[in-house]
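Participant: First the structure, then my questions, so here it is.
The values are calculated or read from the model by the stated rules, or taken from the named source; none is laboratory data. Model, not experiment: these values are computed from the prediction. A quick note on method: Cβ atoms are made from the backbone with ideal geometry, for glycine too, and the neighbour counts reach across all protein chains shown. Note: accessible area is taken over every heavy atom of the protein model, side chains too, but ligands, DNA and RNA are not part of it. Shrake-Rupley method; radii C 1.70, N 1.55, O 1.52, S 1.80 Å.
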Amino acid sequence: MPKVTVDGQELEVPDGATVLQACELAGKEIPRFCYHERLSIAGNCRMCLVEVKPGPPKPQASCALPATEGQEIRTDTPMVKKAREGVMEFLLINHPLDCPICDQGGECDLQDQSLAYGRGASRYHENKRAVTSKNMGPLIKTIMTRCIHCTRCVRFSEEVAGVDEIGALYRGENLQITTYLEQAAKHELSANVIDLCPVGALTSRPYAYEARPWELKKTLSIDISDAMGANIRVDSRGREVLRALPRINDDVNEEWISDKARYQVEGLTRRRLDKVWIRKAGKLQPASWNEAFELIAAAKPGKDIAAIAGDLVDCETMFAAKKLVNALGSDLVESRQTGMTYDVSNLAAVNFNTSFAEIENADAILIVGSHIRWEAALLNVRLRKAAKRGAQIFLIGPEWETTYPAEFLGENVSLLHDLPAHVAKAMSGAERPAVIVGGAALAKGALHPALALAEEWKLVREGWNGFNVLHFSAARMGSLMLGFAQKGGMADLAAAKPKVVLSLGADEMDYEPFADALKVYIGHHGDKGAHAAEIILPASAFTEKAGTYVNTEGRVQFADKAVFAPGDAREDWTILRALADALGVSVGFDSFDQLRAAMIAEVPALGVEGLADYGALPAADSSVKADGAISYPIKDFYMTNPIARASAVMQQCSAELLHGEALPEAAE
């Protein structure tokens, strides 16, 4: 490890570190526009100039200069100060002075650094150049005259997303950043370039002119659009959520989120259920809470009551529902609403055991029945890193664009019993082999055949567990930890013929088998579940309640309440607690704190933030055979849950980006 001196402070830096990183280790702030920790070094902006000895007597770009033994680095000399002022002056030659109407105002790197490192005035009086704004689709608003050519957006698209959609045209002062043939950016992570842009060239189109950053209340939350559990920050004003932004968590989402996670929050204010509804003579009529509870009690469900959890539900809601159902003498609970029946007797067998951070180190990966770009877009970024490091990747299932070299073996899950010789050789000979089983494969009985391969290839070895199941529902692992599942799945539930069915935001299920039951929908959007229900009880969305969520790798995470629910809507647990009174049973809690304490007492792992320990992998049942063509469950990335389906932005993305519909424009 080389020793360097930064402004008189001597320190050791890791091998391969740059001068900029050495300065940061010494606690010195180095201004930069083009440098980003997760992108390759470009050295475009020259803002990070420092003085280095031994070396030429001139300022040097610290982001591209390796730190070597004996270097003396100065960040505060008159030469450095003058050089940075000069660079800032050059950057502002063509930058328009439109901060009052720029959405980046208040959180703009250029604004902050020009104040800290720029001169008090400009010496340029020439006309500024203008660049036409580009069409980058329904999510990204462009004002390219502001662009300072840092190329962060270009490098993100190429290196992280793996989609070469953004690049540069021309040279010199004619240089322009644009998408290929000015088409929309179509990949699932495209809006991350908004966070990366250090100026106001790329901003959020749906959020344009909505608010200034200092007006917003910031709440830490968890994304529920998929099972990754990405860490997000919810920004709200009053009772309205205005935007969701990523939070840095290197173990989960690094600092990226999917476009759906970012923009589906717009659907939180649309198609909301804000009053109680009862279906009379086939038509929904507004009613009071007491009327609804009396109607449910009049059905005298007794032990003939079932609870079905949707994909977005928090652990507390499921625990409260289970307590209510159990208090009535029933154990009819299920969360796999689409009808899957895989074995949940050992949770290690249905968990993403490798963890997201470690999967990057795998050197041979077999993916069975998962369209990862749509089911877990951020995991695809990790797999791309593994491929860059030389991992061989094989897939069973219909073909999709992977963004990295991969071999599709076929569409039938029976291939697990008869894999090509080169695949078996690559997997068995790998140092860190991994298998990823998706929901589409679980539906075809792939769990035990995959476990058999885990034994054959020794996927579990010292310091490595390569057996993974990838869920696509945010509530799935939490529900399984709470025992919210039947051995025969939804079929067993329907066969029990319950008198009352409590639907906890279950919008993807088939209600036909429960035609004779009283269906009570407890949810937040007027979606499929509400259309099928006889009684609708308005509940809170994920931003309107505190909750515990468990992602597909078994990571327990907590979300806070950002805003209040609209109208008469209440938090789910309070609805279930009131319903318990109406049905004359005790559930053992009267407050949220009591509810959470009772849940943690029953499942201690839900009280500890971090990865839960599910023990060792079970032995495979060799009698189980997998067969059938795989069909991915997600047909439209932007329309996977009731919040997204209610969002006009997600509807526009689906129409424009997936289905190629022309953007409707008013006649001039």
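Participant: Test of understanding: what is the full-extension gain from Lys82 to Arg123, defined as 0.36 nm times their sequence separation minus their Cα-Cα distance?
Facilitator: Here the answer is 13.3 nm.
Participant: Just to verify a number: FRET efficiency for Arg271 and Lys53, C-beta to C-beta distance, R0 = 56 Å, to 0.05?
Facilitator: After rounding to 0.05, the efficiency reads 0.30.
Participant: Among rounded, prolate and oblate, which fits segment 108-192 when a ≥ b ≥ c are the square roots of the eigenvalues of its C-alpha gyration tensor, a/c under 1.5 means rounded, and a/b larger than b/c means prolate?
Facilitator: Prolate is the answer for segment 108-192, as a/c is 1.5 or above and a/b outweighs b/c.
Participant: Looking only at Cα atoms, what is the convex hull volume of the chain per residue, in Å³?
Facilitator: 185
Participant: OK, next. Which of the three applies to segment 3-93, rounded, prolate or oblate, going by the alpha-carbon gyration tensor with a ≥ b ≥ c and a/c under 1.5 meaning rounded?
Facilitator: In terms of gyration-tensor shape, oblate.
Participant: Hey, another quick one. Label Asp15 and Asn361 with points 7 Å out from Cα along Cα→Cβ: what is the distance between them in nm?
Facilitator: Inter-label distance under the simple model: 1.8 nm.
Participant: State to the nearest 20 debye the size of the charge dipole of segment 3-93 about its Cα centre, where the only charges are +1 on K and R beta carbons and -1 on D and E beta carbons.
Facilitator: 340
Participant: Between Asp7 and Arg171, what length comes free when the chain is fully extended (0.36 nm per residue of separation minus the Cα-Cα distance, one decimal in nm)?
Facilitator: Full-extension gain reported as 55.3 nm.
Participant: Taking every DSSP beta bridge that has both residues in the chain, what percent is antiparallel when rounded to the nearest 5?
Facilitator: Looking only at bridges with both residues in the chain, the antiparallel portion is about 55 percent.
Participant: Using a Cα-Cα cut-off of under 25 Å, which lysines could be cross-linked to Lys218, ignoring same-chain neighbours fewer than 8 residues away?
Facilitator: Filter leaves Lys141, Lys260, Lys545, Lys561.
Participant: Same structure again: Please find the FRET efficiency linking Val585 to Arg389, where r is the Cβ-Cβ separation and R0 is fixed at 56 Å, and quote it to the nearest 0.05.
Facilitator: Calculated transfer efficiency: 0.50.
Participant: Let me ask something additional. What value, in deg cm²/dmol to 500, does the helix sum -39500 (n - 2.57) over DSSP H runs of n ≥ 4 give at 222 nm once divided by the residues of the chain?
Facilitator: Only helices count here, giving -6500 deg cm²/dmol.
Participant: Kindly rank 186-192, 51-57 from highest to lowest mean number of other beta carbons found within 10 Å of each residue.
Facilitator: With the highest mean Cβ count within 10 Å placed first, the list reads 186-192, 51-57.
Participant: Could you name the lysines in cross-link range of Lys280, using Cα to Cα under 16 Å and dropping any fewer than eight places away on the same chain?
Facilitator: Lys519
Participant: Be a star and scan segment 420-444 for residues whose amide nitrogen sits under 20 Å from the point 7 Å along the Cα-to-Cβ vector of Ser631.
Facilitator: Backbone N within reach: 438-444.
Participant: So if I place +1 on the C-beta of Lys and Arg and -1 on the C-beta of Asp and Glu, and nothing else carries charge, what would the dipole magnitude of segment 477-624 be about its Cα centre? I want it in debye, nearest 20.
Facilitator: In debye, rounded to 20, segment 477-624 gives about 180.
Participant: I would also like to ask the following. My understanding is that a pair violates if its Cα-Cα distance is over 19 Å; which of Lys58/Lys81; Lys186/Lys385; Lys388/Lys635 do that in this structure?
Facilitator: Too far apart for the 19 Å limit: Lys186/Lys385; Lys388/Lys635.
Participant: Could you run the Karplus curve 6.51 cos²θ - 1.76 cosθ + 1.60 with θ = phi - 60° over segment 154-171 and give me ³J(HN,Hα) per residue in whole Hz, x for Gly and Pro?
Facilitator: In residue order, the calculated couplings are 5, 5, 4, 4, 6, 8, 8, 6, x, 10, 7, 9, 10, x, 10, 10, 6, 9 Hz.
Participant: Also: Work out how much length Glu29 to Lys425 would gain on full extension: take 0.36 nm times their residue separation and subtract the Cα-Cα distance, in nm to one decimal.
Facilitator: Answer, rounded to one decimal: 137.5 nm.
Participant: Next up: Based on the mean of other Cβ atoms within 10 Å per residue, sort peptides 486-496, 356-366 so the most packed one is first.
Facilitator: 356-366, 486-496
Participant: For segment 109-267, what is the per residue volume of the convex hull drawn over the alpha-carbon atoms, in cubic angstrom?
Facilitator: 146
Participant: Round to a whole number: what % of the accessible area of the chain belongs to carbon and sulfur, probe 1.4 Å?
Facilitator: Roughly 50 percent, rounded to a whole number.
Participant: Once you sort the root eigenvalues of the Cα gyration tensor of segment 173-239 as a ≥ b ≥ c, which label holds: rounded (a/c under 1.5), prolate (a/b larger than b/c) or oblate (the other case)?
Facilitator: Since a/c reaches 1.5 but b/c is at least a/b, the shape of segment 173-239 is classed as oblate.
Participant: Quick check on packing: order 277-287, 406-416, 68-78, 299-309 by the mean number of other C-beta atoms within 10 Å, highest mean leading.
Facilitator: 299-309, 406-416, 68-78, 277-287
Participant: Could you calculate the FRET efficiency of Glu89 with Lys300 from 1/(1 + (r/R0)^6), where r is the beta carbon distance between them and R0 is 56 Å, rounded to 0.05?
Facilitator: In this case the efficiency is close to 0.10.
Participant: Please compute the per residue accessible area over the chain with all protein chains in place, 1.4 Å probe, rounded to a whole number of Å².
Facilitator: 41
Participant: What distance in nm lies between label points placed 7 Å from Cα along the C-beta direction at Ser288 and Trp214?
Facilitator: Here the modelled spin labels are 4.8 nm apart.
Participant: While we're on this one: For Lys3, go through the aspartates and glutamates and keep the ones whose alpha-carbon is under 14 Å away, minus same-chain ones fewer than eight residues off.
Facilitator: Cross-link targets: Glu12, Asp15, Glu69, Glu72.
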